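Remarks on the structure that follows.
The values are calculated or read from the model by the stated rules, or taken from the named source; none is laboratory data. Please read these numbers as outputs of a predicted model, since none were measured by experiment. Cβ atoms come from the backbone with ideal geometry, glycine included; neighbour counts cover every protein chain shown.
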Amino acid sequence: MSDYFAHPSAVIDDHCKIGAGSKIWHFSHIMSHSEIGQNCNIGQNVVISPKVIIGNGVKIQNNVSVYTGVICEDDVFIGPSAVFTNVINPRSAINRQNEFKSTLIQKGASIGANATIICGNTIGQYAMIGAGTVVTKSVPDFALVVGNPSKQIGWVSAYGNRLHFDEQGKAECPETGEHYLLQNQQVIKTL
C-alpha cells in the first residue's frame with residue numbers, strides 16, 4: 001500500500017517518486033522519472049512530464065501541463081490551465097529534446113490561471129503571476145506581474161498581499177504584520 005493517494009483513473013509511469021500525503025486526481029498522468037514531494041495536490045487532468053521535479057506542499061490545479069525542465073520548489077501554487085514550455089523555437093518535424101531549457105519556480109511563488117511560462121526563466125520566491133499572464137523573462141522575489149508580455153506592477157508579501165512601500169522603502173504585510181524592505185529593486189523580508 002502506498003503512502004500517497006492516486007485516483008484509479010490517474011496514470012503513474014514507472015520510476016516516479018511520490019511523497020507521503022500527496023494526492024493525484026482524475027485523469028492525471030505522472031510520467032517516468034518525475035518526482036513529486038510530500039503533501040502535494042495534483043489536480044484533475046494534469047500532465048507531469050519526465051524528469052520534472054515538484055517540491056513539498058505544491059498545489060497544481062486542473063488542466064496544467066508541466067513539461068520536462070521545470071523545477072518547482074516547496075509551497076508553489078499553479079493555477080488552473082497554466083502551461084509551461086521547454087523549447088524556444090518548436091517545430092513538429094524537428095526533434096529539439098536536446099535543446100530543452102530549464103524553468104525554476106522558487107519557494108512560495110503563485111502562478112495564476114491560464115498563465116504561460118516561457119522556458120529558461122526563474123520565477124522568484126513568493127512572486128505572484130496574474131491570471132492569463134505570459135511570462136517572457138525572469139521574475140524577482142515578491143514581484144507582482146501581469147499581462148502579455150508580463151510586466152511588473154508591484155510587490156506582494158509572502159502571504160500574497162500587495163505591499164505599499166514608504167519613502168524609506170519599508171512596508172508591512174496587512175495580514176501578518178511582517179516587515180519588508182525595498183532596496184535596489186529587490187524586496188527582502190525583515191524581522
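Which one is nearest to the chain's Cα centre (by Cα), of the residues in the stretch 84-106 that are surrounded by 17 or more Cβ atoms within 10 Å (Cβ to Cβ) and not aromatic (Phe, Trp, Tyr)? Full working, then the answer.
Start the filter on the stretch 84-106 by keeping residues that are surrounded by 17 or more Cβ atoms within 10 Å (Cβ to Cβ), which leaves 84-87, 100, 103-106.
Next, from what is left, pick out any that are not aromatic (Phe, Trp, Tyr): 85-87, 103-106.
Numbers: THR85: 12, ASN86: 14, VAL87: 18, THR103: 9, LEU104: 8, ILE105: 5, GLN106: 7 Å.
Result: ILE105.
State yes or no: is ILE53 surrounded by 24 or more Cβ atoms within 10 Å (Cβ to Cβ), touching a strand residue (DSSP E or B) at 6+ places or on another chain (Cβ under 8 Å) and at pLDDT 95 or above?
Working: surrounded by 24 or more Cβ atoms within 10 Å (Cβ to Cβ): no; touching a strand residue (DSSP E or B) at 6+ places or on another chain (Cβ under 8 Å): yes; at pLDDT 95 or above: yes.
Against the criterion (surrounded by 24 or more Cβ atoms within 10 Å (Cβ to Cβ), touching a strand residue (DSSP E or B) at 6+ places or on another chain (Cβ under 8 Å) and at pLDDT 95 or above), ILE53 does not qualify.
Every residue in the stretch 123-145 that is touching a strand residue (DSSP E or B) at 6+ places or on another chain (Cβ under 8 Å), polar (S, T, N, Q) and buried (at least 19 other Cβ atoms within 10 Å of the Cβ), please.
THR133
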